[in-house]
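Below: the structure, in structure tokens.
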């Protein structure tokens, strides 16, 4: 799998492209400038909520964060090789390991019409945000749990999902997701319209 160890430098490039300082980005997001610095230098992994906040503020797509290299296909590459065709094999997926025991694997080989299509894994104790904090962003989310128990807090409502359960909600609604069991949670997740 394509492990992405350069998330921080990509975020730094985008921040510099937009022309704002670490301190200003931190102020806009309600974070410390030192956390932004640690994320950009890959000393710290962002949580799901922090990553969404940063990419939304910078106006960058998750696809850009996932992209390991600008890739141009050549005639010698087989159709379906990583990054060029419609099929993505498990060992070709681009992966982001986030803070709090959350892992995202991109299920597409390239950007697909404003859709984040992900295989997500929440380790035991893994969460999208700290207990006292919920996240919100543009778009609509759709998910189905394959294994494990996932809790989804939507505003004041808590939903417990098990294998086969699915959920759909407006992402502008404050939300938090976490593993509520004693085994990892595997799920398939779509976020549509986040970049509108």
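Within the stretch 90-148, the set of residues being outside any loop (DSSP other than H, G, I, E, B), more than 13 Å from the chain's Cα centre (by Cα) and under 15 Å from residue 194 (Cβ atoms) comprises 112, 140, 142, 143. The residues of the stretch 1-26 that are surrounded by 14 or more Cβ atoms within 10 Å (Cβ to Cβ) and either without any contact (Cβ under 8 Å) to a residue 40 or more places away in the chain or touching a strand residue (DSSP E or B) at 6+ places or on another chain (Cβ under 7 Å) (or both), listed by number, are 2, 4, 7, 8, 12, 13, 20, 22, 24, 25, 26. The residue that is nearest to the chain's Cα centre (by Cα), counting only those in the stretch 167-196 that are more than 19 Å from residue 102 (Cβ to Cβ) and in a strand (DSSP E or B), is 192. Against the conditions (1) modelled with pLDDT of 60 or more; (2) over 25 Å from residue 178 (Cα atoms), where does residue 72 fall short? Just the number, please. For residue 72, the exception is condition (1).
For the stretch 110-129, taking the residues that are modelled with pLDDT under 85 and surrounded by fewer than 20 Cβ atoms within 10 Å (Cβ to Cβ), the one that is nearest to residue 188 (Cα to Cα) is identified as 115. Evaluate the following for residue 87: is it assigned to a helix (DSSP H, G or I), at pLDDT 85 or above and either in contact with a helix residue (DSSP H, G or I) (Cβ under 8 Å, 6 or more places away or on another chain) or closer than 26 Å to residue 192 by Cβ (or both)? So residue 87 does not fit the description; no. When the stretch 158-172 is filtered for residues that are at pLDDT below 95 and surrounded by 15 or more Cβ atoms within 10 Å (Cβ to Cβ), only 171 remains. On inspection, residue 80 does not qualify as modelled with pLDDT under 90 and surrounded by 15 or more Cβ atoms within 10 Å (Cβ to Cβ). When the residues of the stretch 27-52 are narrowed to those that are touching a strand residue (DSSP E or B) at 6+ places or on another chain (Cβ under 9 Å) and either more than 18 Å from residue 194 (Cα to Cα) or modelled with pLDDT of 85 or more (or both), which ends up surrounded by the fewest Cβ atoms within 10 Å (Cβ to Cβ)? Checked the stretch 27-52; the qualifying residue surrounded by the fewest Cβ atoms within 10 Å (Cβ to Cβ) is 45. Closer than 19 Å to residue 53 by Cα and surrounded by fewer than 16 Cβ atoms within 10 Å (Cβ to Cβ), is that true of residue 155? Yes, satisfied.
The values are calculated or read from the model by the stated rules, or taken from the named source; none is laboratory data. Please read all numbers here as calculations on a predicted model, not as lab measurements. FYI the Cβ positions are ideal-geometry reconstructions off the backbone, even for glycines, and counts take in every protein chain you see.
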